[in-house]
Amino acid sequence: MNLEKTLVLLKPSAVQRGLIGEILHRFERKGLRLAGMKMMQLTDEILNEHYAHLAGKPFFQRIKNSMMASPIIACCFEGVDAVQVVRSMTGATNGRVAVPGTIRGDYSVSAQENIVHTSDSPENAKVEVARFFKPEEIFDYKLNALPYLNYEEEYQAD
């Protein structure tokens with residue numbers, strides 16, 4: 001098991017619907033440590049980089065427009081296998097088919113306005129966290145609840 005950092009973006013659909021606190025609450029209650037958080041207005045430049053893998057798709061501009069509709073909340077969460085934990089909590093990309101109990105399953109009925117973006121692999125998480133946060137915006141502090149979340153060996157790198 002790995003102690004990992006992962007990126008979570010609360011999209012304009014979460015911000016506009018007043019779901020910021022509810023979603024952050026779910027990640028914190030799960031046992032993930034918030035290592036960084038900020039509100040920001042996304043630009044064409046950062047979205048071209050972030051969604052470069054979708055650049056040739058017909059819906060590319062629509063996604064960028066959606067992501068620039070209002071500020072977003074960028075978060076970095078840390079925990080044992082954080083990427084997989086966050087992805088499991090988030091649910092399927094299309095909110096209409098996401099399982100109830102997941103964030104998208106509970107708050108989304110859209111494939112695009114699907115509340116959150118999350119890193120899809122530990123490798124991409126490193127790239128994405130660095131894209132949205134300067135090193136000094138990521139904080140390393142002791143979470144006093146740590147001994148009550150995992151046993152010590154779970155924090156050791158594989």
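A few points about this structure:
- Restricting region 1-50 to residues that are touching a Leu at 6+ places or on another chain (Cβ under 7 Å) and in contact (Cβ under 8 Å) with a residue 60 or more places away in the chain, the residue that is nearest to Ala74 (Cα to Cα): Ile23
- Set Asp120, Asp140, Asp158: member being at pLDDT 95 or above, under 15 Å from Ala82 (Cβ atoms) and assigned to a loop (DSSP other than H, G, I, E, B): Asp120
- Residue list for region 27-73, filter: among the small types (Gly, Ala, Ser) and touching an Asp or Glu at 6+ places or on another chain (Cβ under 7 Å): Ala35, Gly36, Ser66
- Among the candidates Gly21, Gly56, residue that is under 30 Å from Tyr148 (Cα atoms) and of a type outside the set (D, E, K, R): Gly21
- Residue that is farthest from Leu9 (Cα to Cα) [pool: residues in region 52-96 that are part of a helix (DSSP H, G or I) and of a type in the set (S, T, N, Q)]: Gln61
- Of Arg62, Arg104, Arg87, Arg131, all but one fail to be buried (at least 16 other Cβ atoms within 10 Å of the Cβ), basic (Lys, Arg) and either touching a Leu at 6+ places or on another chain (Cβ under 7 Å) or touching a residue at least 24 places away in the same chain (Cβ under 8 Å) (or both); the exception is Arg87.
- Some residue of region 144-151 being touching a residue at least 12 places away in the same chain (Cβ under 8 Å) and in contact with a strand residue (DSSP E or B) (Cβ under 7 Å, 6 or more places away or on another chain): yes
- Unique match (being basic (Lys, Arg) and touching a strand residue (DSSP E or B) at 6+ places or on another chain (Cβ under 6 Å)) among Arg62, Arg87, Arg104, Arg96: Arg87
The values are calculated or read from the model by the stated rules, or taken from the named source; none is laboratory data. Bear in mind the structure is a predicted one, so any value in this text is a computation, not a measurement. Backbone-built Cβ (ideal geometry, glycine too); neighbour counts: all protein chains shown.
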